[in-house]
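Structure first, then comments.
The values are calculated or read from the model by the stated rules, or taken from the named source; none is laboratory data. Here the structure is a predicted model, which is why all the values come from computation and not from measurement. Backbone-built Cβ (ideal geometry, glycine too); neighbour counts: all protein chains shown.
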Amino acid sequence: MQLTFKPYTLNLKHQFTLAQSSRSTTPVVLTKIEYENYVGYGEASMPPYLGESHETVIKFLSKVNLKQFKDPFQLSDILEYVDKIAPKNTAAKAAVDIALHDLLGKIMNKAWYQIWGFAREKAPLTTYTIGIDSEEVIRQKVKEAEPYKIIKVKLGRDNDKEIIKIIRSVTDKPIAVDVNQGWKDWQKALDMIYWLEEQNTLFVEQPMPKEMIDDMALLTDESPLPTFADEAVQGIDDVLKTRGVYSGINIKLMKCGGMRNAREMLSIARALNMQVMLGCMTETSCAVSAAAQLAPAVDFADLDGNLLITNDPFAGVQVINGKALALKQAGIGVELKDNEFWDGSNK
Ligand code: MG
């Protein structure tokens, strides 16, 4: 098996504004694992708050030697070896994990949702994220979100109600709210959630700072809407800690290190009787298609990362009737739009 990789920079359709930061590009590293006549694709996406960059991912991937493995079906051994190369580096690890899954699926000639035993069409509706912005831009973004049946809104500043009112003046679609740890006061957070419930809101993601565990547990207890941990849950080890603190967890391949760990987190959360949502970073159709394999098994999907960029080199996951559905193709279901892309320059 041979691993190669390619750094790339995604251009965002809109400057992406969260409670704490703002940006217009996202660095990614695309990976390729070749074995006999098969090629598997993967991706690491590195939004700044994850602490990884082109440099750290390239450094990590340069240490990965897959030539020592003769059989790609030794998935567990291979991924355990990769995991032990260095701590953290979850996006870099996901890039190997996804490419290996894509490769295996292609060898078996099955999509991963099939291998895992899920019915593709059971995927929930996907949300489409609208960042914090001016009234004019918000109106325009809501129009762009026409094909999507749920709008996700980033809150956590002092104008939260204004933003929701603007959205409500344009559309009555249900909304999902991501506060990105922006609310520091328990009572205000609860009041806000009650108000949001009246505005047809489905759930609230990471309302309070992840360190405020006791306040968060109390908030979930009192909240009329489900609460989801995002920043508070990275990988497998964190799931148990969220029990009793949040209603559910947001699984993202870049946080947890890939498809294998994501599948395991889903099982743990279900064993704890918790809800599960599936998220993504701004990333290409490659990583989003990989995540979409798990979508039929979750309660909420937030798989819009590929829709927020202008230079996606892959074709894959499609939005059909408001659902982000994996293609009925082997592996993770992606193809390069341009076969020359891999050897060309980073445009
Ligand atoms: Mg989030």
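What the table below lists for this structure:
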{"quantity": "Meets criteria (within 13 Å of Val177 (Cβ to Cβ), in contact (Cβ under 8 Å) with a residue 12 or more places away in the chain and either of a type outside the set (Gly, Ala, Ser) or not assigned by TED's automatic domain parsing to the domain that holds Leu266 (or both)) for Ile163", "calculated": "yes"}
{"quantity": "When residues of the range 120-150 are limited to those that are of a type outside the set (D, E, K, R) and exposed (fewer than 13 other Cβ atoms within 10 Å of the Cβ), the one farthest from Leu294 (Cα to Cα)", "calculated": "Ser134"}
{"quantity": "Residue check for Val319: within 20 Å of Leu12 (Cα to Cα), modelled with pLDDT of 95 or more and either of a type in the set (Val, Ile, Thr) or within 14 Å of the ligand (Cβ to nearest atom) (or both)", "calculated": "no"}
{"quantity": "Among the residues listed as Ile150, Ile115, the single one being aliphatic (A, V, I, L, M) and under 18 Å from Gly279 (Cβ atoms)", "calculated": "Ile150"}
{"quantity": "Hits in the range 285-311 - residues which are more than 16 Å from the ligand (Cβ to nearest atom), more than 12 Å from the chain's Cα centre (by Cα) and either of a type in the set (Phe, Trp, Tyr) or under 21 Å from Thr242 (Cα atoms) (or both)", "calculated": "Ala297"}
{"quantity": "Search result, residues across the range 235-284 that are polar (S, T, N, Q), assigned to a loop (DSSP other than H, G, I, E, B) and either away from the ligand (no atom under 16 Å from the Cβ) or not assigned by TED's automatic domain parsing to the domain that holds Leu225 (or both)", "calculated": "Asn273, Thr284"}
{"quantity": "Any hit, the range 132-151, residues being closer than 26 Å to Glu222 by Cα and in the same structural domain as Leu294 (by TED's automatic domain parsing)", "calculated": "yes"}
